[in-house]
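Remarks on the structure that follows.
Please treat every number below as a calculation from the coordinates, not as lab data. No experiment lies behind these values; they were computed from the predicted model shown. Methodologically, a virtual Cβ is constructed for each residue, glycine included, from the backbone with ideal geometry; neighbour enumeration extends over all protein chains shown.
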Amino acid sequence: MGCDAKIIAVGPYSKSIVPALGYPEEQYLAVAEGATVITCVFEAFGSTESEKLARCFGVGRWDLGRHVLDASRADLETLRLEFDERGAEDFLTLRAAGFQFYYMPNG
């Protein structure tokens, strides 16, 4: 069986980051400023792509003790080219807003 993976982000909500979050703006109308929200920033399908996504953050897909990511180590060029330009911009928005990022394999 292959391994899929996600980069999820957890951090404080503010209206300014809504475009970088996973749901339409109207879903956040009742969310208080500063409330903790969770979103998926990148998804990888299959073992090869999952490993490539992990390597964009300096970890391996099965380095389970290292999956709290250091966002400053992100390989933005590879994320933009191999995954999603929009996801890379959302990642930068969320990183600037103080979000923490996690690599979550599923395999």
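Brief remarks on what is shown
- Rounded tilt (10° steps) of 85-96 against the dominant C-alpha axis of the chain: 60 degrees
- Comparing Leu69, Ala88, Ser47 along the charge dipole axis of the chain, the residue lying farthest to the positive side is Leu69, per the Cβ-charge model.
- Global form of the stretch 56-97, assessed from the alpha-carbon gyration tensor, a/c cut-off 1.5: oblate
- Rounded to the nearest 500, the helix-only mean residue ellipticity at 222 nm of the chain stands at -6000 deg cm²/dmol, with each DSSP H run of n ≥ 4 adding -39,500 (n - 2.57).
- Environment charge of Lys15, counting only residues whose C-beta is closer than 11 Å and scoring Lys/Arg +1, Asp/Glu -1: -2
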